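Since every read-out is calculated from the coordinates, none of them should be taken as a lab result. Bear in mind that the values here come from a model prediction, so they are computed numbers and not experimental data. Here the Cβ positions follow ideal geometry from the backbone for every residue, glycine too, while neighbour counts run over all protein chains shown.
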Amino acid sequence: MINRHNWQRTLESVCLPIAALIFALILFGMFCAAAGQNPFAVYGSIYKAAFGNWRSFQNTLIRAAPLMLTSLCTALPARLGLVIIGNEGALVVGGLGAVATGLTLGTSAPPVVVQIAMALAGIICGGVWIGAVGALRHYRAVNETISSLLLNYIAIALLNHLVGGPWKDPSSLNKPSTYPIADLNMLGKIGDSRVHYGLIYGLIACAIAYFLIQRTTFGFAARTAGGNIRAARIAGLPVGKLTIAICFLAGSCAGLAGMVEVAAVQGRANASLNANYGYSGILVAFIARHNPLAAAIVAILLGGILASGGILQRVHQLPDATVLLFQGLVFLSVLYSESLYGRFAIFKEKSLVTSH
C-alpha cells in the first residue's frame with residue numbers, strides 16, 4: 001500500500017476554521033443589527049481600525065505580539081493531549097518577575113544585559129508556573145485544565161497584592177503600580193514605527209516552537225505521547241519528563257509575553273498587566289489548530305479585532321465589551337467546528353493501493 005500525500009487533511013484544517021470565522025461574523029452581524037447598527041458598516045469599521053492604514057496596522061501588530069506568545073501556552077501542551085488555559089496567569093507572573101529583575105538591576109548593568117535578564121526572569125517564572133501544572137497532572141493526576149484555570153486567579157491576586165502593597169510606588173495614587181523601570185532598559189521600537197521588538201520575540205518563538213515540535217525527536221516523542229499515551233509508555237518514552245518539559249516551555253512563552261508588556265508597553269507592573277491577552281491567546285491557539293506558524297497569522301487577525309474596540313464604541317455607539325462578545329462567538333464557533341472534522345467526504349483521506 002502506498003499512501004498519497006494527504007492534501008485533504010490540510011485543506012480541511014484550513015477550510016473549517018475559516019468557515020467557523022464566517023459563521024461567527026454572521027452571528028456578530030445579527031447582534032449588531034439587533035443593536036440598530038448596519039452589520040456591514042461595523043465590518044468596515046473593524047477593517048479600517050485594524051488594517052485601514054499603516055498607523056492602524058501598527059496598533060494591530062502591537063496587540064498581536066503578546067497573542068503570539070500566549071497562544072503557544074495552549075498550543076504546545078495540546079501536542080500532548082493537554083488542555084492548558086493558564087495563559088493569563090503565566091503572563092502575569094512573567095511580568096512580575098521581569099519587573100522585579102529590572103528594578104533590582106536598575107542602571108547598574110548595560111541596558112542589553114538588563115533586558116536579557118528581564119526576559120530570562122519572565123521565561124523562568126512563567127515556565128515554572130505552568131510546569132507545576134504539568135507536574136500536578138503527571139504525579140497527582142490533577143486535571144490540567146482546572147488547575148491552570150485556578151492558577152490564573154492566584155496570579156492575578158498576587159499581582160494585586162504586590163502592586164497595592166509591598167511593591168507599590170507611593171506616587172501611583174489612582175492606579176496602584178510598581179516603581180517604573182528605567183527608560184534605558186525598555187524595549188525599543190522597530191525602525192521609525194511604534195511597533196516594539198516584542199513582535200520579533202513572538203515571531204521567533206512561533207518559528208522555534210514549530211521546528212521543535214515538527215522537526216526534532218523531542219517533538220516526535222511529544223506527538224507520539226499525545227496520540228497514544230499507553231503506546232508511548234510501552235515504547236519507553238519518558239512521558240512524565242515530556243509533560244513537565246512541554247508545560248515549562250509553554251509557560252515560558254506566556255511569561256515572555258508578560259516581560260514584553262512590562263518592558264515595551266507599560267514600563268511597570270499594574271492592573272493593566274492583566275489585559276486578557278492570555279485568554280485571547282487560547283482562542284488564537286484553537287483557531288490555528290495548535291500550529292505555531294498559523295498562530296502567528298491568527299494573532300495578527302485577532303489583534304486587529306482587539307484594536308477595533310474603540311472605533312466601535314465611538315462611531316457605532318456599541319458597548320466596549322462588543323469585541324469580547326465577538327471573541328466569544330468566534331471561540332464557540334471554532335469549538336463547534338471541531339466536531340465536524342472527518343465528516344465531509346471531500347476531506348477524507350485517500351490512499352493508492354497497488355498490488356505486486
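Restricting the calculation to Cα atoms, segment 53-199 yields a radius of gyration followed by a Dmax of 17.1, 52 Å. Relative intensity of segment 64-299 on a log10 scale, I(q)/I(0) at q = 0.08, 0.11, 0.15, 0.17 Å⁻¹, equals -0.28, -0.52, -0.92, -1.13, per a Debye sum over C-alpha point scatterers of equal strength in the absence of solvent. Quick check for you: which residues of segment 321-338 have the amide N under 16 Å from the point 7 Å beyond the Cα of VAL83 toward its beta carbon? What the label zone holds, given the 16 Å backbone N cut-off, is 331-338. The calculated FRET efficiency for the pair ASP169 and ILE190, based on their C-beta separation and a Förster distance of 41 Å, comes to about 0.90.
Taking the number of Cβ atoms within 10 Å of each Cβ as an exposure proxy, the fewest-first ranking of LEU27, LEU159, LEU340, LEU302 is LEU340, LEU27, LEU159, LEU302.
In order along segment 85-99, the phi-based Karplus estimate (6.51 cos²θ - 1.76 cosθ + 1.60, θ = phi - 60°) of 3J(HN,Hα) comes to 10, x, 4, 5, x, 5, 4, 5, 5, x, x, 5, x, 5, 5 Hz; Gly and Pro are listed as x.
Per residue, the average separation of C-alpha pairs within less than 8 Å and at least 6 apart gives segment 64-299 a relative contact order of 44 percent. When TRP129, TRP54, TRP167 are sorted by how many other C-beta atoms sit within 10 angstrom of their C-beta, beginning with the fewest, the order is TRP54, TRP167, TRP129. Other residues with beta-carbon under 12 Å from the beta-carbon of SER147 carry, at +1 per Lys or Arg and -1 per Asp or Glu, a net charge of +1. Between ARG9 and VAL112, the modelled labels are 4.4 nm apart [label points 7 Å from Cα along Cα→Cβ].
When the trypsin sites (Lys or Arg not before Pro) in segment 187-229 are filtered for DSSP coil states and for at most 15 other beta-carbon atoms within 10 Å of their beta-carbon, the remaining sites are ARG194. In deg cm²/dmol and to the nearest 500, what is the mean residue ellipticity at 222 nm of the chain if only DSSP H runs of at least 4 residues count, each as -39500 (n - 2.57), divided by the residue total? Taken over the chain, the calculation gives -23000 deg cm²/dmol. Computing FRET efficiency as 1/(1 + (r/R0)^6) for ALA19 and ASN276, where r is the C-beta to C-beta distance and R0 is 30 Å, gives about 0.70.
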